[in-house]
Amino acid sequence: MASQDWFDKDFYQVLGVSKDVSDAELKKVYRKLARKYHPDSNAGDAAAEAKFKEISEAHSVLADPEQRKEYDAIRAMGSGARFTAPGGANGAGGFDDVFGGMFGQGGPGRSQSYTFQQGGDYDDLLGGLFGGGRFGQPSGGYRGYGGPTPGRDVTATTTLDFITATKGDQVTLQTAEGKPLTVRIPAGVSDGQKIRLRGKGHPSPDGGEAGDLILTVNVRKHPVFERDGLNLRVTVPVTFAEAALGATIQVPTLGGDPVKLRVAPGTPSGRVLRVKGRGVETKKGTGDLLAVVQIAVPSHLSKDAQAAVEALAAALPDENPRDELLAKAKG
């Protein structure tokens with residue numbers, strides 16, 4: 001675009017905004033107009049295509065802080081002026097009149113002239129004055145008129161059962177427009193985690209990339225297992241006899257068959273027994289299954305059982321297991 005266009009075209013008027021429009025409002029107005037006049041929505045409509053080019057051209061200049069500054073400066077120096085040869089009709093100085101004041105010379109009737117090197121033009125001079133290249137050159141995008149606008153991101157929330165979140169699966173979500181959306185949930189997502197799905201958001205209004213879908217995952221609690229990083233924890237009750245004498249017990253696994261685990265004699269309540277490789281499997285690694293021993297105390301005893309427990313208590317050493325705790329508490 002030649003620099004003359006920057007004198008002739010009022011980009012603010014093209015977009016229907018004021019000269020002090022904010023960046024956010026400018027973007028909002030442009031998106032609305034781009035959707036209205038986009039060629040994809042107006043197939044075969046030459047007027048709509050021309051209008052789309054016009055608003056894209058205006059936006060590409062005003063959305064760039066440096067170009068907007070240069071555009072405002074050019075418009076302020078000589079809105080409506082045309083580059084004419086010095087000494088033109090009515091004695092107008094043309095180009096000299098516009099720029100003479102900048103250098104303390106020029107003006108009507110002045111004979112001052114400017115010499116351009118071969119291949120140069122007004123754009124080259126303007127670019128040199130403001131530290132840039134040719135004013136108004138298109139920067140790409142739809143048919144060379146401005147860069148395409150990416151689509152807006154969309155946020156959504158979904159609730160998954162514990163097994164799906166742990167092992168991963170393909171689920172179908174419902175968009176705000178009522179359309180089904182198939183999403184692949186990776187293994188090992190945790191409660192409250194956000195997943196960014198590229199290109200699953202709103203489409204671009206002018207042929208750019210679609211926005212993303214930012215999905216927040218809520219995970220339902222499991223009645224048996226809980227997450228501990230990549231490990232899974234499960235509380236396993238054992239009888240006093242099993243803990244005291246030792247035993248081989250069965251421990252559940254998530255979505256699989258139980259595994260056998262050896263409880264050593266004298267195992268206290270709260271001890272953690274580890275089953276390697278039976279935790280959460282992800283690309284970053286695989287966790288373990290942590291079985292936390294909990295001594296199960298019977299709530300009712302028969303007379304014979306009570307007599308046997310009393311006999312055991314009498315046979316055990318006379319010691320208080322809380323002595324060390326009480327001593328530490330006294331400090």
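The values are calculated or read from the model by the stated rules, or taken from the named source; none is laboratory data. This one's a predicted model, so the numbers in the text were calculated from it and none came from an experiment. Cβ placement follows ideal geometry from the backbone for every residue including glycine, while neighbour counts extend to all protein chains displayed.
Couple of notes before you dig in:
- Residue list for segment 4-28, filter: touching a Gly at 6+ places or on another chain (Cβ under 7 Å) and surrounded by fewer than 16 Cβ atoms within 10 Å (Cβ to Cβ): D5
- Checking each residue in segment 34-66 for being more than 15 Å from Q13 (Cα to Cα), surrounded by 15 or more Cβ atoms within 10 Å (Cβ to Cβ) and among the acidic types (D, E) picks out E49, D64.
- The set of residues from segment 136-167 being part of a loop (DSSP other than H, G, I, E, B), surrounded by fewer than 17 Cβ atoms within 10 Å (Cβ to Cβ) and at pLDDT 85 or above comprises R152, D153, D161.
- Pairs, first within 22 Å of A241 (Cβ to Cβ) in segment 304-329, second of a type in the set (D, E) and part of a helix (DSSP H, G or I), C-beta under 6 Å, six or more apart: none
- Residue check: K200 meets all listed conditions (1) at pLDDT 95 or above; (2) among the basic types (K, R); (3) assigned to a loop (DSSP other than H, G, I, E, B) but one, namely (1).
- Residue in segment 292-308 that is modelled with pLDDT of 90 or more, under 30 Å from G168 (Cβ atoms) and not in a loop (DSSP other than H, G, I, E, B) present: yes
- Meets criteria (assigned by TED's automatic domain parsing to the domain that holds Q250 and either of a type in the set (G, A, S) or surrounded by 12 or more Cβ atoms within 10 Å (Cβ to Cβ) (or both)) for V183: no
- Restricting segment 205-218 to residues that are closer than 18 Å to K179 by Cα and part of a loop (DSSP other than H, G, I, E, B), the residue that is nearest to the chain's Cα centre (by Cα): D212
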